[in-house]
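One structure below.
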Amino acid sequence: MIGNWWKRRALDRIQVSDEQWQAAEAQLFCLDHLDGDDRRRLREMARGFLAEKQWTGARGLTLTAPMQLSIALQACLLVLNLGLEHYRDWVGIVVYPGDFVIRRNVMDADGIVHEYDDQVLGEAWEGGPVLLSWFDDPDEAGGANVVLHEFAHKLDMANGEVDGLPKLPADMSRRDWIAAFEPAYEDFCRKVDAADRRGEETLLDPYGSEHPSEFFAVMSEAFFETPEVLRDEYPAVYEQLRRFYQQDPASRRSAA
């Protein structure tokens, strides 16, 4: 009862004008497939997300309402038809001004531990916060949607191992998911290798070839940002994501 009262009070403090919503949404073409009812539901979910999470600006970054609204809308887009409870096992969001460095430790085959600095755009920690970079100019992120990517990782983590297989709803088949994603991942890795040799670029972000978990996150980005490209390249993957996210951006955009 006390917890519900606190949540209601926190939510009451989040007041966003239509003008603020519209300004944030205008910058996010990943929302283009949503109709008026979807947008109203997304806004209400984003308000709850803003109220529930603990927000921190790193390296002197001052978080602004437009930043937080943008992040909340994109994070909630993934779970619009799944429910905000998919993000309930963690609370922290840390936002950096641009990319940042994480210190890594890796043990080699001889048992020797090597340390190195890994420059990243974002990172999701199991049971912990989501770390995000913020760019005033989205082009500085190199075409990646950091928010969609990292929150897709959070959904992947709900099934235990971070392996590109999230916790599926009851009406979806683990076998069908693997049958769609495994050959697509192998094909994509071949395409990335071939493109590298020719000095060319792939239609989808080559970072997806790093690991099956990255493939799921990159394909989730594409599902919302360039759905027609994903549907053309890997229709079986698109169909699995359509069923998982319970949205159909490619068809909605085509009909618009």
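The values are calculated or read from the model by the stated rules, or taken from the named source; none is laboratory data. A quick note: this is a predicted structure, and the numbers were derived from the prediction, not measured. As a convention, Cβ positions derive from the backbone with ideal geometry for all residues, glycine included, and neighbour counts pool all protein chains shown. Protein only, heavy atoms only, side chains kept; ligands, DNA and RNA dropped before computing areas. Shrake-Rupley method; radii C 1.70, N 1.55, O 1.52, S 1.80 Å.
Some observations on this one:
- Any hit, segment 215-238, residues being among the acidic types (Asp, Glu), open to solvent by less than 80 Å² (accessible area, probe 1.4 Å), closer than 23 Å to residue 142 by Cβ and touching a Gly at 6+ places or on another chain (Cβ under 6 Å): no
- The condition of being under 17 Å from residue 80 (Cα atoms) and of a type outside the set (A, V, I, L, M) holds for only one of 221, 210, 214, 233, that being 221.
- Filtered residues of segment 44-59 (kept if open to solvent by less than 50 Å² (accessible area, probe 1.4 Å) and basic (Lys, Arg)): 47, 53
- Count of residues meeting criterion [within 12 Å of residue 249 (Cβ to Cβ) and open to solvent by 20 Å² or more (accessible area, probe 1.4 Å)] in segment 22-34: 2
- Condition check for residue 83: modelled with pLDDT under 95, surrounded by fewer than 14 Cβ atoms within 10 Å (Cβ to Cβ) and among the small types (Gly, Ala, Ser): no
- Single residue of segment 197-214 satisfying the filter (small (Gly, Ala, Ser) and closer than 23 Å to residue 163 by Cα) that is most open to solvent (accessible area, probe 1.4 Å): 209
- All of 250, 179, 144 fail the test of being hydrophobic (A, V, I, L, M, F, W, C) and over 20 Å from the mean Cα position of the chain (by Cα), apart from 179.
Okay, residues lined up against (1) out of contact with any Ser or Thr (no Cβ under 6 Å at 6 or more places or on another chain); (2) in a helix (DSSP H, G or I); (3) basic (Lys, Arg); (4) surrounded by 21 or more Cβ atoms within 10 Å (Cβ to Cβ):
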residue	(1), (2), (3), (4)
147	yes, yes, no, yes
155	yes, yes, no, yes
161	yes, no, no, no
165	yes, no, no, no
171	yes, no, no, no
180	yes, yes, no, no
183	yes, yes, no, no
193	yes, yes, no, no
